[in-house]
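A.B. asks: Structure incoming, see below.
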Amino acid sequence: MRRVLIIFTLVFMAVLVLDQCIKCFFVQTNFTMLGEYIDLVLTYNRGVAFSLFEFFGEWLKWIQIGLIVGIFGYLVYEKTLLKSHTIELGAILGAGVSNVLDRFNYGGVVDYIFWHKWFNFAVFNLADVIINLAVFGIILKSFFNKSKK
C-alpha cells in the first residue's frame, strides 16, 4: 500500500503543479492566441462545468473541498479501488484540487481553452482535460477487466 500512496501522491502533485503553472502564466500575462479551431483566452468560471451552480457563490469552493476530502477518505478506506486506479485517481484529485485552489486565488476557476469550430464549446483548462482522460481510463480498465473475467 505504501507504493500505491507514493505513486498516487506523485501523480497528484505533478498534475497540480503543472496545471497551476499554466494557469499562472495565463493570469500573469493575460496571454491570448486566436486560431481557426481553438482560441487561448483567459476567462474565470465562477460555477462548475458550463457555469452550473454559480449561484452557490463563495459556498461552492467549500462544497468542493468537502467532496474532495470525502472522496480521498473513501479511497483510503476502500483500498482496492485506489490500488486498481492509482494513477487515474491521483490525476483526478490533483486536477480537482487545482481547480478549487483557483477559487481561492482568483475568485473562479481559470479557464483558457475555447473550442469554436463547427460549434461553440465551453471554455476549459488542462485540469478539465486530465479529469476527463482519467475517467475514460477508469472506464476502459473496468471494461477490459470485465471482458477478461
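All of the numbers you see were taken from the coordinates with simple rules; none came from a lab. Source: prediction; values computed, not measured. Quick reminder, even Gly has a Cβ in these numbers, built from the backbone with ideal geometry, and neighbours come from all protein chains shown.
A.B. asks: Just add up the charged neighbours of ILE65: K/R +1, D/E -1, any other residue whose Cβ is under 14 Å from the Cβ of ILE65.
C.D. replies: The answer is 0.
A.B. asks: Most fluctuating residue of GLU58, GLU88, GLU78 in a GNM of the chain with Cα springs under 10 Å: which is it?
C.D. replies: GLU78
A.B. asks: Also, I was wondering about something else. So if we plug the beta-carbon distance of LEU34 and PHE56 into 1/(1 + (r/R0)^6) with R0 = 35 Å, what FRET efficiency do we get, rounded to 0.05?
C.D. replies: Given R0 = 35 Å and the Cβ-Cβ separation, E is 0.60.
A.B. asks: Count the lysine pairs in region 1-120 whose Cα atoms lie under 29 Å apart, taking only pairs 8 or more positions apart in sequence or on different chains.
C.D. replies: 4
A.B. asks: When the helix-only estimate is applied to the chain (DSSP H runs of n ≥ 4, each -39,500 (n - 2.57), divided by the residue count), what is the mean residue ellipticity at 222 nm, nearest 500 deg cm²/dmol?
C.D. replies: About -22500 deg cm²/dmol.
A.B. asks: With angles folded into 0 to 90 degrees, how steeply does helix 2-29 sit against the dominant principal axis of the chain? Use alpha carbons for both and round to 10.
C.D. replies: The angle comes out near 0 degrees.
A.B. asks: Additional query: Can you tell me the 0 to 90 degree angle between the C-alpha axis of helix 59-77 and the longest principal axis of the chain, rounded to 10?
C.D. replies: So the inclination is approximately 20 degrees.
A.B. asks: Enter the angle in degrees (range 0 to 90, nearest 10) between the Cα long axis of helix 86-106 and the first principal axis of the Cα atoms of the chain, meaning the one along which they spread out most.
C.D. replies: Here the helix axis deviates by roughly 30 degrees.
A.B. asks: Follow-up question, since we're still on this one. Below 10 angstrom from the Cβ of ASP19, what's the summed charge of the other residues (Lys, Arg +1; Asp, Glu -1)?
C.D. replies: -1
A.B. asks: Okay, next question. Within the set of other residues whose C-beta is less than 12 Å from the C-beta of PHE121, count the net charge using Lys and Arg as +1 and Asp and Glu as -1.
C.D. replies: On the way: positive: LYS117; negative: ASP39, ASP111, ASP128.
In short, -2.
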